[in-house]
Amino acid sequence: MFTLKKITADAIQGVYSGAEGQLWELLMGEQVHIGGLPSSIDLATFGDVRSGMSAADLCCCSGAGMRFLLTLCGASHAAGVDFTGAQIALGKKRMAAAGIAPSQYKFYLGDAAQPHVKEASVDLVWGEDAWCYVADKPGLLAQAKRALKPGGKVVFSDWVGTDKLSPAEARHFLTFMKFPTFMAIEDYAKLLAKTGFQKIKTRATAHFVPSMRHYIAMYTGQQAYDALRILGFSQEAYTAVLDEMLFIAELAKAKKITQAYFTATR
């Protein structure tokens, strides 16, 4: 596991309350995670997500994962926890726009590594490429276990590193992405077991490289004007972001970082 102590909660909240978050959504859509809808479907299949499950999405951002579970997976109810108020406010508007009844969901503003969702209240804890922003991963997994009913499942994806990633590369990558900690697949598997989860399954995906290729093409082509507008028409800022995206794409191509799926049972 790599750690970058200088990344603060305020810095992460700033990403998703400002221009950087707008850029990610411009390129990645409302589902701000690698692979978009195909990845969500793959993850739900990997975790055997079934209709009628009640769910909690930890680090839910604007609730795209909740809407996926409610509209396409037949979830009975979805709770979401996120510590960025701007995203929760946006999520409530998007729930209404999607025609989802208020009785079907609930948002909690706060740290996902702290208790918010009622104990033993959900069948499924869900997360998509967001737990890399959580410094207290033991606390996060403890809250996932706490929220689950006996026999319930945690099912999540995240960006992970491999043993090919050097400390210098990790520092560069974490600094740009605002990740306070960065796990390997094995780190997550060990922490899931230590937290008391059973039937742990993991799998690296093939979504990262083609997704980065797509984002860069959008950034330098069809969405270039929109990206510049978000960045205040600063060519210097535009070029700096492109350099970082190219760096991330090279890390993925070299198999130094990837996206992985995880599932385990309480």
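The values are calculated or read from the model by the stated rules, or taken from the named source; none is laboratory data. What you are looking at is a predicted structure, and each value in this text was computed from that prediction instead of being measured. Because the Cβ atoms are built from the backbone with ideal geometry, glycine has one as well, and the counts that use them run over all protein chains shown. Just so you know, the surface numbers come from the protein's heavy atoms only, side chains and all, with ligands and any DNA or RNA stripped out. Shrake-Rupley method; radii C 1.70, N 1.55, O 1.52, S 1.80 Å.
Are there any helices (runs of 4 or more DSSP H) wholly within the stretch 198-263 with 3 or more residues that are of a type in the set (A, V, I, L, M) and open to solvent by less than 40 Å² (accessible area, probe 1.4 Å), and if so which?
Result: 224-230, 235-253.
For the stretch 188-222, what are the residues that are over 15 Å from M245 (Cα atoms), within 17 Å of the chain's Cα centre (by Cα) and not polar (S, T, N, Q)?
If the condition is that a residue be over 15 Å from M245 (Cα atoms), within 17 Å of the chain's Cα centre (by Cα) and not polar (S, T, N, Q), then Y188, R203, A204, A206, H207 are the ones that fit.
Which residue, of A55, A89, A79, A96, is more than 29 Å from F176 (Cβ to Cβ), at pLDDT 95 or above and open to solvent by 40 Å² or more (accessible area, probe 1.4 Å)?
Every option except A96 fails the conditions.
In the stretch 121-137, is there at least one residue being touching a strand residue (DSSP E or B) at 6+ places or on another chain (Cβ under 7 Å), buried (at least 21 other Cβ atoms within 10 Å of the Cβ) and β-branched (V, I, T)?
yes
Tell me which residues, restricted to the stretch 170-186, are open to solvent by less than 40 Å² (accessible area, probe 1.4 Å) and either more than 19 Å from A260 (Cβ to Cβ) or not in a loop (DSSP other than H, G, I, E, B) (or both).
Once the filter is applied, which keeps residues that are open to solvent by less than 40 Å² (accessible area, probe 1.4 Å) and either more than 19 Å from A260 (Cβ to Cβ) or not in a loop (DSSP other than H, G, I, E, B) (or both), the stretch 170-186 yields A170, F173, L174, F176, M177, T181, F182, A184, I185.
Out of the stretch 149-165, which residues are over 21 Å from G65 (Cα atoms), of a type outside the set (A, V, I, L, M) and in contact (Cβ under 8 Å) with a residue 40 or more places away in the chain?
P150, G151, G161, T162, K164
Against the condition more than 14 Å from K153 (Cα to Cα) and either over 15 Å from the mean Cα position of the chain (by Cα) or touching a residue at least 60 places away in the same chain (Cβ under 8 Å) (or both), how does L90 come out, does it pass?
Working: more than 14 Å from K153 (Cα to Cα): yes; either over 15 Å from the mean Cα position of the chain (by Cα) or touching a residue at least 60 places away in the same chain (Cβ under 8 Å) (or both): yes.
Judged against the criteria, L90 is a match.
Quick one: count up the residues across the stretch 1-35 that are open to solvent by 20 Å² or more (accessible area, probe 1.4 Å), within 14 Å of the chain's Cα centre (by Cα) and β-branched (V, I, T).
Number satisfying all stated conditions: 1.
Quick check on the stretch 43-59. Is at least one of its residues under 19 Å from T84 (Cβ atoms) and free of Cβ contacts under 8 Å to residues at least 12 places away in the same chain?
No; the residues of the stretch 43-59 include none that is under 19 Å from T84 (Cβ atoms) and free of Cβ contacts under 8 Å to residues at least 12 places away in the same chain.
If K106 satisfies all but one of (1) open to solvent by 20 Å² or more (accessible area, probe 1.4 Å); (2) closer than 16 Å to F156 by Cβ; (3) not in a loop (DSSP other than H, G, I, E, B); (4) not hydroxyl-bearing (S, T, Y), what's the number of the condition it fails?
Status for K106: all satisfied but (2).
Take A189 and tell me if it is more than 23 Å from Q31 (Cβ to Cβ), open to solvent by less than 10 Å² (accessible area, probe 1.4 Å) and in contact with a Phe, Trp or Tyr (Cβ under 9 Å, 6 or more places away or on another chain).
Answer is no for this residue.
Can we say P38 is out of contact with any helix residue (DSSP H, G or I) (no Cβ under 9 Å at 6 or more places or on another chain), open to solvent by 10 Å² or more (accessible area, probe 1.4 Å) and under 23 Å from I185 (Cβ atoms)?
yes
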